[in-house]
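The numbers here are math on the coordinates, done by the rules we state, and not lab data. This structure is a prediction, so every number in the text was calculated from the model and none was measured. Here Cβ is always computed from backbone atoms with ideal geometry, including for glycine, and neighbour counts include all displayed protein chains.
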Amino acid sequence: MRPATSGTTQPADLVPSTGVSEARLPVLIQGGMGVAVSGWRLARAVARTGQLGVVSGTALDVTLARRLQRGDPGGDLRRALACCPVPELAERVLGRYFVPGGIAPGTPYRPVPRLGLRPSRARDELAVVANFAEVFLAKEGHDGPVGVNYLEKIQLATPAAAYGAMLAGVDYVLMGAGIPAEIPALLDAFAAHRPAEITVAVAEAGDARHTTGLDPAALWPGAAPAEPLRRPRLLAIVSSHVLAAYLARSPVTRPDGFVLETPVAGGHSAPPRGRLVLDERGEPVYGPRDAADTAKVAAIGLPFWLAGGYATPGGAAAARATGAAGIQVGTAFALCRESGLDDGLRRRMLSRARRGALEVRNDPRASPTGFPFKVASLPGTLSEPEVFDRRPRLCDLGYLRTPYVRPGGAIGYRCPAEPVDAYVRKGRPAEEAEGRQCLCNGLTAAIGLGQHRADGYHEPALLTLGQDLGFLDGLPDDHSAADVVDHLLRGALAAHG
């Protein structure tokens, strides 16, 4: 990798050699953790070491809008927006959301346009500007690589978000929580400022195809620039060699590499294959069928990284022994000083984890997506049943809503975390809603941007981490992102002699 700018040891002998590009690949990918846990400060800190820093692209529209309403302390967002290549977009976003000095404590945040199939110029502009600003700030002041992480599950947000990130020169797009088969073509089109669309999964739609897309030319006051954008590499986040082989089978769907996740990785996990069986803790049981065959992934011929349980000094060396280019690590960075987590929550989790008292449960019911989701237990958060029970069920952000066809043909939206009676009226059984958490509001509260409501209610936080916390033994008490990189890659270098 390029020389370190922070004193971090760089294991040049661990830089993999591939035929996909003359550019060197990172050994270490910092995981994209949302909402905004992997913010621009964290991604920039990692990228300054020469490894791949990644910002979470989930809900950047709402995080930008709320930070502007808080007055943009420090002025970083306004500095980024001043560099937006389409200044008219940035000016409109600032006009809608920026509050000099910030809104009064307890004042509700102004809402942002919700995702939907119906086109919305205001929604697209906010997404483009928010993703531009986050990537711009992550790339500012260094030449290290920066990526952005999106969820295939949130298809309605992807086109505008991806174009905004590309306007800022993002180097990698990482995509998980689904099958990103249409993303290569989307990135190709946007690099040439051409319109593009992707298919949206709509329940009860039968054979009808629904799409969402973006025409970049519509965002520019004149014609779109003739000069193309640099097309970022796409890394598909998968849990099986079968899915990797499926995506690689055609040039149309083939990504530029893979991140192969194990079930202990933080956030969402793929469900076990076959019938769901729970252990005595109520967690899904994974077996041999759920283990990805790394030899088969290596045989595809594209670079790949291993994620989930590799945050050890020998983790990168062990991964490379399987043919991987390196590793992806999330939780060690989620608990570092540059993390986007609310600092009080971060310190409390870190203290408990160091004492061996932090429980992280792979909850099969928490996420509205139906995928198992890691929930970290901390008093006062939604991990506590009494806090969950006190929270009124509502779905006002709606990133995980599912579009469906209503009787009569109109499009509706439903989420199992919304009020149960509303969910049932939309044609689904009440038991699907049991135990579901509002990830949108809970994860936004975890970064200190939870909604305040007029009646005094304040959203409680929902916290997620990976289940392997053993990496803490080799790190300082309040570690930095550079400490994590140095710890993991110095050990990897030693393992390679």
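The Rg/Rh ratio for region 193-281, using Cα coordinates for both the radius of gyration and the Kirkwood hydrodynamic radius, is 1.09. Between region 216-243 and region 105-140, the alpha-carbon centres lie 18 Å apart.
Between Asp478 and Ala430, the distance separating the two model label sites (each 7 Å from Cα on the Cα→Cβ line) works out to 4.9 nm.
Treating each Cα of the chain as one equal point scatterer and applying the Debye formula with no solvent, the log10 of I(q)/I(0) at q = 0.06, 0.08, 0.09, 0.13 Å⁻¹ comes out as -0.25, -0.45, -0.58, -1.35. Ignoring lysines fewer than eight residues from Lys374 along the same chain, the ones with Cα atoms less than 29 angstrom from its Cα are Lys153, Lys296, Lys426. Ranked by the mean number of other Cβ atoms within 10 Å of their residues, highest first, the peptides 106-115, 333-342 come out as 333-342, 106-115. Once both labels are positioned 7 Å from their Cα atoms along Cα-to-Cβ, the gap between Arg249 and Cys83 label points is 4.3 nm. Net charge dipole, the chain: roughly 460 debye, given to the nearest 20, about the Cα centre with Cβ charges of +1 for Lys and Arg and -1 for Asp and Glu. The charge dipole of region 159-311, taken about the Cα centre with unit charges on the Cβ atoms of Lys, Arg (+1) and Asp, Glu (-1), comes to about 320 debye, rounded to the nearest 20.
Counting other Cβ atoms within 10 Å as a rough exposure proxy, the listed residues Thr331, Thr381 run Thr381, Thr331 from fewest neighbours to most. When His268, His479 are sorted by how many other C-beta atoms sit within 10 angstrom of their C-beta, beginning with the fewest, the order is His479, His268. Beta bridges per DSSP, both residues in the chain: antiparallel share near 35 percent. Shown here is the pair-distance distribution of region 379-462: with all Cα-Cα distances grouped in 10 Å bins from zero up to the longest one, the shares run 17, 46, 27, 9, 0 percent. Taken along the Cα-to-beta-carbon direction at a fixed 7 Å, the label points for Glu384 and Arg453 span 1.9 nm. When Tyr286, Tyr150 are arranged by Cβ crowding within 10 Å, least crowded first, meaning fewest neighbours, the order is Tyr286, Tyr150. Think of the chain as a dipole: +1 on every Lys or Arg Cβ, -1 on every Asp or Glu Cβ, centred on the Cα centre; then among Pro184, Ser351, Leu449, Leu449 lies furthest on the positive end. Near Ala248, once Lys and Arg are set to +1 and Asp and Glu to -1 for all other residues with Cβ below 13 Å from its Cβ, the sum equals +2.
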